[in-house]
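Asks: Quick one: this structure, given as structure tokens, is what I'll be asking you about.
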Amino acid sequence: TNPAEHEYCHRESACVMFNLALVHHWRGMHFGVTSLLPKALKLYEMSFSLIQSGANFETQHLILALLNNMGQIHYELMQYKDSKRCFKSLKDMLTRRAAQVADGPDVQGFLMNIMFLEAPQMAPAA
């Protein structure tokens, strides 16, 4: 196979895995089936590893969505360090590519998550 076909195959496989992860993520959050969240996270991670090697302009929105969704799941699973890492990568990517990324509702949602999804702080002892 030539490199273009290989990249296309990776991109299409990543999209299929993303969509399957999205179904697990939505069902886990909407119906409170938290056992679906680790499955969704694993699928997002698989999609991310496929798309990362061939990242280009066409795939940047998928990468942004992957980082956002992985950060959300890590947060829900109380894996705050991993959540912070995902949102930092998301913020860095948005900062570097601000001129290329459209200012749509998705991007605004990503920015809201970056601002508000932080590890809960415990009050000091009295």
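Asks: With all protein chains present, calculate the accessible area of Met29 using a 1.4 Å probe and round the result to the nearest 10 Å².
Replies: Taking all protein chains as shown, Met29 has close to 90 Å².
Asks: Continuing with this model, one more query. Modelling each spin label as a point 7 Å along the Cα-to-Cβ direction, I'd like the Leu22/Leu111 distance in nm, to one decimal.
Replies: 2.2
Asks: Treating cross-link reach as a plain straight distance, find the lysines whose alpha-carbon is under 17 Å from the alpha-carbon of Lys91, omitting any fewer than eight places away in the same chain.
Replies: Counting by Cα, and skipping residues close in sequence, Lys91 has these lysines nearby: Lys81.
Asks: Moving to a separate point now. Taking R0 as 22 Å, what's the FRET efficiency between Met29 and Lys81 from their Cβ-Cβ distance, rounded to 0.05?
Replies: Calculated transfer efficiency: 0.55.
Asks: Percent of accessible area on region 1-60 owned by carbon and sulfur, 1.4 Å probe?
Replies: That share works out to 63 percent.
Asks: Expected output is a single nm value to one decimal: the length gained when fully extending between Lys91 and Glu12, i.e. 0.36 nm times separation in residues minus the C-alpha distance. What is it? Mind showing how you got there, number by number?
Replies: Details: separation 79, 0.36 × 79 = 28.44 nm, distance 2.52 nm.
Stretched fully, the Lys91-Glu12 segment lengthens by 25.9 nm.
The values are calculated or read from the model by the stated rules, or taken from the named source; none is laboratory data. Because the structure is predicted, anything quoted here is derived from the model rather than measured. All Cβ positions, even for glycine, are placed from backbone atoms using ideal geometry, and neighbour counts span all protein chains on display. What goes into the accessible areas is simple: the full protein's heavy atoms, side chains included, and nothing from ligands, DNA or RNA. Shrake-Rupley method; radii C 1.70, N 1.55, O 1.52, S 1.80 Å.
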